[in-house]
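Written out below as structure tokens is the structure these notes cover.
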Amino acid sequence: MKLVIIEGVENSGKSTMMEDLRKQYGDKLSYFHFPSKELLERHYNAVTGQSDNIKPFIEDLIEEEYYALKGNDIVVIDRFQMSSMVFQGSKPYAPFGKNIFIDRSYQDLYDALGLKNEDIMTFVFMSPFTGTEDRDDLTEAQKENDKNADKYTAKYRDLLKNKNSFMCIKDILIFDESDTSEILVVHNNRKRWICNHIDKLLGE
């Protein structure tokens, strides 16, 4: 199994990229978004930071991800280990407390799926484009987190500075465009890098 993970700040084009990849590759790949809406609603307080008890949510999330991913070949995922760190972890991102629990939980997931470091590639989008105020497909937990987009962007940046402290963060490529006025140009550049990686996996 190979994982291609698309991570990043709110409203940075992750869903659009997933749609484009699905159109281009079809059933050659498997596609997932985590957490599920059911899981988000069941653990609303932990998801939105209103509860410090993240253990039940992370345990349920890891179980959901394991059963969804096992048996697949090449998988593209919208949100994964870094999102769990950002939304449920503790800043500053040093290896202690909740961060240790999340890190070990994802490393255990990798081990259970038989994944090695070279099987996991994460692409991180750090430039937000638009808001999601008009979207009608978001859960209440997602809407609550969207209100705090700036805070979570800062947490992503802090996590990236400390990424080498964690086992679960493997190879990453960061897209942090200073000029996002040409959204299509930015999107196509990101897509080119991601498709090059996927094409290599399909050719193996």
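The values are calculated or read from the model by the stated rules, or taken from the named source; none is laboratory data. These numbers were taken from a predicted model, which means no experiment stands behind them. Because the Cβ atoms are built from the backbone with ideal geometry, glycine has one as well, and the counts that use them run over all protein chains shown.
Put simply, of 196, 162, 188 the only residue that is surrounded by 15 or more Cβ atoms within 10 Å (Cβ to Cβ), out of contact with any His (no Cβ under 9 Å at 6 or more places or on another chain) and of a type outside the set (A, V, I, L, M) is 162.
Here residue 27 fulfils each of the conditions (1) assigned to a helix (DSSP H, G or I); (2) in contact (Cβ under 8 Å) with a residue 24 or more places away in the chain; (3) not aromatic (Phe, Trp, Tyr) apart from (2). When the test is whether a residue is buried (at least 16 other Cβ atoms within 10 Å of the Cβ) and assigned to a helix (DSSP H, G or I), residue 3 does not pass it. Scoring residue 49 on the criteria (1) in contact (Cβ under 8 Å) with a residue 12 or more places away in the chain; (2) on the phi < 0 side of the Ramachandran plot leaves a single failure, condition (2). Among the numbered conditions (1) in contact with a Phe, Trp or Tyr (Cβ under 8 Å, 6 or more places away or on another chain); (2) in a helix (DSSP H, G or I); (3) more than 27 Å from residue 97 (Cβ to Cβ); (4) at pLDDT below 95, the only one that residue 184 does not meet is (1). Among the candidates 19, 10, the residue that is modelled with pLDDT under 90, charged (D, E, K, R) and within 26 Å of residue 186 (Cβ to Cβ) is uniquely 10.
On the stretch given as region 15-38, residues that are under 12 Å from residue 194 (Cβ atoms), surrounded by 20 or more Cβ atoms within 10 Å (Cβ to Cβ) and under 15 Å from the mean Cα position of the chain (by Cα) total 1.
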